[in-house]
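Notes to accompany the following structure.
The values are calculated or read from the model by the stated rules, or taken from the named source; none is laboratory data. Quick caveat: nothing in here was measured; it's all calculated off a predicted structure. As a convention, Cβ positions derive from the backbone with ideal geometry for all residues, glycine included, and neighbour counts pool all protein chains shown. Just the protein is used for accessible areas: all its heavy atoms, side chains included, with ligands, DNA and RNA removed. Shrake-Rupley method; radii C 1.70, N 1.55, O 1.52, S 1.80 Å.
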Amino acid sequence: MAFHDKQLTVPGTVEVAGRHVKRYHVDQPGRRLEPAVVATAYEFLPRLLPSSDGHTPPASWSVLHRGADSGAYLLAYTWFWDNVVECRIAVAGQPALDCPDDDPAHFVPMTRPGVGCVWELGVLEHERTAWIRHVLAPDRPDLPGYLADTRAEGPVGA
């Protein structure tokens, strides 16, 4: 299978479990994420968010990615200790990752450690730079500025 870009969209920031979560979607070319997958992913999201460390601004981002086969992937990245990212992942519809079935809307925690695939890591690159620019570099952290700074929608991957 030849490598190809996928489509990145940014549906906006939401507050979940006391955290501000910047949301990203990665769609297959010509196939958007199904509403049922989106709904169940965001119902599952609170289970992927850790409690606050009491010091770092309560900011996270998520990537919801529809695979080319039956799989769907929800990754939640959370800042802690000021400059460290924690990643927790839920998967659906991917028996190779211990999902109970091939339903892309049936999310379960992924027990294998991971940080993301080539399409998801493009968002991580942007978020790292945005965190430095708005939170670490200024004299005072600018959380609203960080939350407003999202990767541009469009092709992602290459």
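Quick one: what pairs do we get from the stretch 69-88, first residue more than 18 Å from GLU15 (Cα to Cα), second surrounded by fewer than 16 Cβ atoms within 10 Å (Cβ to Cβ) and of a type in the set (D, E, K, R), C-beta under 7 Å, 6+ apart or different chains?
Within 7 Å, the pairs are SER70/ASP102; TRP81/ASP53.
Confirm whether VAL37 is modelled with pLDDT of 95 or more, more than 21 Å from LEU147 (Cα to Cα) and hydrophobic (A, V, I, L, M, F, W, C).
In short, yes.
Which of the residues spanning the stretch 14-35 are more than 14 Å from THR78 (Cβ to Cβ) and touching a helix residue (DSSP H, G or I) at 6+ places or on another chain (Cβ under 7 Å)?
Passing the criteria: TYR24, VAL26.
Can you find a residue in the stretch 36-56 that is touching a helix residue (DSSP H, G or I) at 6+ places or on another chain (Cβ under 6 Å) and touching a residue at least 24 places away in the same chain (Cβ under 8 Å)? Even if it seems obvious, please write down each step before you answer.
Taking the stretch 36-56 and keeping what is touching a helix residue (DSSP H, G or I) at 6+ places or on another chain (Cβ under 6 Å), we get none.
No, because not a single residue in the stretch 36-56 is touching a helix residue (DSSP H, G or I) at 6+ places or on another chain (Cβ under 6 Å) and touching a residue at least 24 places away in the same chain (Cβ under 8 Å).
Search the stretch 7-28 for residues that are farther than 20 Å from GLU86 by Cβ and pair each with any residue that is charged (D, E, K, R) and modelled with pLDDT of 95 or more when their beta-carbon atoms are under 6 Å apart and the residues are at least 6 apart or on different chains.
LEU8/GLU153; THR9/GLU153; VAL10/GLU153; PRO11/ARG23
Can you tell me which of ARG112, ARG19, ARG31, ARG66 is closer than 22 Å to LEU136 by Cα and of a type in the set (Lys, Arg)? Break it down into steps so the answer makes sense when it comes.
On the way: ARG112 fails: closer than 22 Å to LEU136 by Cα; ARG31 fails: closer than 22 Å to LEU136 by Cα; ARG66 fails: closer than 22 Å to LEU136 by Cα.
The unique qualifying residue is ARG19.
Does any residue of the stretch 1-23 turn out to be polar (S, T, N, Q) and farther than 21 Å from ALA130 by Cβ?
Looking only at the stretch 1-23, we keep the residues that are polar (S, T, N, Q), and these are 7, 9, 13.
From what is left, the residues that are farther than 21 Å from ALA130 by Cβ are none.
Checking the stretch 1-23: not a single residue is polar (S, T, N, Q) and farther than 21 Å from ALA130 by Cβ.
Can you find a residue that is open to solvent by 30 Å² or more (accessible area, probe 1.4 Å) and closer than 21 Å to ASP69 by Cβ anywhere in the stretch 119-132?
Quick first cut of the stretch 119-132, residues open to solvent by 30 Å² or more (accessible area, probe 1.4 Å) only: 119, 121, 124-126, 128-129, 132.
Subsequent filtering for residues that are closer than 21 Å to ASP69 by Cβ retains 119, 121.
Checking the stretch 119-132: at least one residue is open to solvent by 30 Å² or more (accessible area, probe 1.4 Å) and closer than 21 Å to ASP69 by Cβ.
Test each condition in (1) surrounded by 14 or more Cβ atoms within 10 Å (Cβ to Cβ); (2) assigned to a loop (DSSP other than H, G, I, E, B) for ARG140 and report the one that comes out false.
The number of the failed condition is (1).
Identify, by number, the condition in (1) over 13 Å from the mean Cα position of the chain (by Cα); (2) under 20 Å from VAL38 (Cα atoms); (3) at pLDDT 95 or above; (4) not hydrophobic (A, V, I, L, M, F, W, C) that PRO138 doesn't meet.
Going through (1) over 13 Å from the mean Cα position of the chain (by Cα); (2) under 20 Å from VAL38 (Cα atoms); (3) at pLDDT 95 or above; (4) not hydrophobic (A, V, I, L, M, F, W, C) one by one, PRO138 breaks only (2).
Where in the stretch 1-104 are the strands (runs of 3 or more DSSP E), entirely inside, with at least 1 residues that are open to solvent by 20 Å² or more (accessible area, probe 1.4 Å)?
Details: elements: 6-16, 19-27, 59-66, 72-80, 84-92.
Filter on the stretch 1-104 gives 6-16, 19-27, 72-80, 84-92.
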